[in-house]
Amino acid sequence: MPITYSGICENCGKEYHRKPSPKFCSWACYVASRWMERTCEHCGKKFMARKVYVARGQMLYCSVKCGNLAAIKRPVVEHNGDRYTLDNQGYYVASPNKKLHRIIWEEANGPIPDGHIIHHRDGDKTNNDIANLELIAWGVHSRNHNISRAESLPNKFCVTCCKVIGHGHTGRKTCSDDCWRLALSRAGIRGNRARHHSR
């Protein structure tokens with residue numbers, strides 16, 4: 001005959017006379033005795049964790065993703081119940097398509113029109129105050145950023161006469177055609193070969 005046990009369940013306190021275990025009245029109580037509810041230290045979501053791991057100081061996060069994000073130790077801000085983490089580009093995001101500065105602007109002004117983006121006036125992507133956000137056409141925004149990046153590059157000098165010919169983004173190496181020809185002649189490049197060299 002199969003062995004049966006009698007006693008008081010260690011999990012629920014109910015008296016039992018059955019087979020599963022000498023300590024628990026059912027399989028559910030056996031499982032429940034080894035698991036406990038925890039709150040993820042990164043996203044705040046409730047999840048079940050094994051007590052043996054909790055006793056070791058493990059299972060602090062609900063998923064591997066939350067554990068990895070917490071290990072990076074990036075700043076987190078909350079807005080309307082959602083948690084936004086600083087991403088690699090410097091924006092606060094809750095998901096790839098949910099950026100905090102866009103949410104704040106849409107709450108104040110409505111949907112963002114096609115072909116437009118939200119720009120931070122002071123250049124600080126973490127400053128999401130509504131006064132610091134403005135709607136701007138995508139092309140204008142790209143042009144403005146390209147100009148500011150170019151101006152931040154060091155000056156570029158003519159290889160022949162050392163005059164300033166612009167910032168580091170320019171592809172020219174000389175300030176004029178005369179300097180270009182002189183540079184080629186100094187390098188011993190003449191005739192058809194000179195056509196393949198940029199100015």
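General remarks:
- Ile112 at pLDDT 90 or above, of a type in the set (A, V, I, L, M) and not in a strand (DSSP E or B): yes
- Among the residues making up the stretch 115-128, none is among the acidic types (Asp, Glu) and either part of a strand (DSSP E or B) or touching a residue at least 24 places away in the same chain (Cβ under 8 Å) (or both).
- Hey, Tyr16 in a strand (DSSP E or B) and either at pLDDT below 75 or within 20 Å of the chain's Cα centre (by Cα) (or both) or not: yes
- Single match in Ser198, Ser176 (criterion: polar (S, T, N, Q), at pLDDT 80 or above and closer than 30 Å to Arg143 by Cβ): Ser176
- Test: residue in the stretch 58-76 that is among the charged types (D, E, K, R), assigned to a loop (DSSP other than H, G, I, E, B) and under 30 Å from Gly123 (Cβ atoms): yes
The values are calculated or read from the model by the stated rules, or taken from the named source; none is laboratory data. Nothing here was measured: the structure is a model prediction, and the numbers come from that model. Every residue, glycine among them, receives a Cβ derived from its backbone with ideal geometry; neighbour counts consider all protein chains shown.
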